[in-house]
Amino acid sequence: MLDLFFSQITNQLWFKFVFTLFFAFLVGLETRGFWLNKSSHIKMGSTRTYTLLSSLGFILYSLDHSYKLFILGMIFINSVVFLFYKQKLEFHQFGILQLIIPMLVYTFGPLSINTPLWFFILVFVTIIFTIGAKPVSIQILKKMDQDELILFSKFLLLSAVILPLLPKNTISTYLPSSPFHIWMAVVVISSISYLGYLLRRYFLLGSGTFITGLLGGVYSSTAATVVLARQSKQFSSSNSAIQAAIVAATSMMYLRLMVLVGILSANLLKILAIPLIVFFIVTLLIAFFLNKNNEPSVNSENEKDKNPLEFATAIVFAGLFILMLFLTEVITEKFGALGLKILAFATGFTDIDPFILSLLNGAYPNLSEHLISGAFLIAAGSNGLLKAIYAGIIGDWKKNRVSIAVLLISGLLSIIWGAILE
């Protein structure tokens, strides 16, 4: 009943007209606020101008269904905008923001009449974000390396253009995956790592040790543990903020693994969801508890992460992934379940992502889903043991004893949980 009422209201002409004027007025307000502290700039209208422009576009579009009046109105507005821009150039002001916005606002009428409400709102939000994006974009540009956008463009080329063209046939019995699935695994893991990299480098850099641990866990929990262990040496005694961050990095590893499983293997998620959620929640709660003491944080702005989209990094990862596919197939064929579990334990002391993805993307008809899930948990657990060793050797056993204990216990429990799955 409510849906029907909403549909009837939003389809009324008067509602669309009011909505058009309202959004145009808001764009005018945002524009006025943007130019408020720029007294030296030449300005062209704001709230009243944009409201009248939108009403003009709405009326002309509604009166003439051949759209000739609307087109004439657009030509008139473009002429005024051209004269305005000519005057701007005389004062050496070259920005075209004030030229584009009036033309967009003029189209609000046709948009409200012909498009769904959500699309009209999306256009409005895009305009508002664009007007207010300059301070944010300047901040990002100050932090951004010169090659950052080039790397991102290469990644889009390899993921959105090259990936769909790769064959989907299995390579061989000893490489139970296809070029498409191999490269898709690289794209997925790189995308998740890139999200953590962006958040840490451009948005939450220097926001505290605990946040560093959380975001480091998304990017690479092992790398985050190494950095935090090294920073723990700056203190004469144990620092609870660093202990919390080390544990938080591992908790995010479990969340990251769960996202990978959810994307690449819905069947395994049914088995792995409970242990991964348990380890994620428990370690995260311990991290929050350790962070309660509010001890001094370490400024980590000098720590520079490597961009996970670098082509060399992706190629190395693809090579390791293929190697893990081969080893998993050969070892399980010759040594069965015990061989797979030993391999899982050993790979935990390296980069576990290639092995994890080989389990999720490979075709192993002789292995049960429970056995594959067990190997998954064993690898994650032994990786926790590796991070405990790093925290002790790179940092200090005594200073980091709390986080080391948490990593050892969670790692051993994960290994035990994986070992009993058959």
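Convex hull volume of the Cα atoms in the range 311-422, per residue, in Å³?
On the way: hull volume 10.7 nm³, N = 112.
About 95 Å³ per residue, rounded to a whole number.
In nm, what is the difference between 0.36 nm times the number of residues separating PHE84 and LEU156 and their Cα-Cα distance?
Between PHE84 and LEU156, full extension yields an extra 22.1 nm.
To the nearest 10 square angstrom, how much accessible area does MET253 have with a 1.4 angstrom probe?
Counting only protein heavy atoms, MET253 exposes about 10 Å² to solvent.
When Rg is the radius of gyration of the Cα atoms in the range 249-289 and Rh is its Kirkwood radius, what does Rg/Rh come to?
With Rh from the inverse mean 1/r over Cα pairs, Rg/Rh is 1.03.
Rolling a 1.4 angstrom probe over the protein chains, ignoring ligands and nucleic acids, what is the accessible area of VAL406 in square angstrom, nearest 10?
In the full protein context, VAL406 sits at about 20 Å².
Using protein chains only and a probe of 1.4 angstrom, how many square angstrom of MET324 are accessible, to the nearest 10?
Answer for MET324: close to 30 Å² accessible.
Keeping every protein chain in place, order GLU369, GLU333 by accessible area at 1.4 Å, biggest value first, i.e. largest first. Could the numbers behind the result be given before it?
Details: GLU369 85, GLU333 110 Å².
Correct descending sequence by accessible area is GLU333, GLU369.
Sorted by accessible area (1.4 Å probe), largest first, how do SER240, SER62 line up?
SER62, SER240
Computed FRET efficiency, Cβ-Cβ of ILE100 and LEU163, R0 41 Å: what is it to the nearest 0.05?
So the FRET efficiency works out to roughly 0.75.
So if each residue of separation counts as 0.36 nm, and I subtract the Cα-Cα distance between LEU72 and VAL123, what length gain in nm does that give?
16.0 nm
The values are calculated or read from the model by the stated rules, or taken from the named source; none is laboratory data. This structure is a prediction, so every number in the text was calculated from the model and none was measured. A quick note on method: Cβ atoms are made from the backbone with ideal geometry, for glycine too, and the neighbour counts reach across all protein chains shown. Heavy atoms of the whole protein, side chains included, go into the accessibility calculation; ligands, DNA and RNA do not. Shrake-Rupley method; radii C 1.70, N 1.55, O 1.52, S 1.80 Å.
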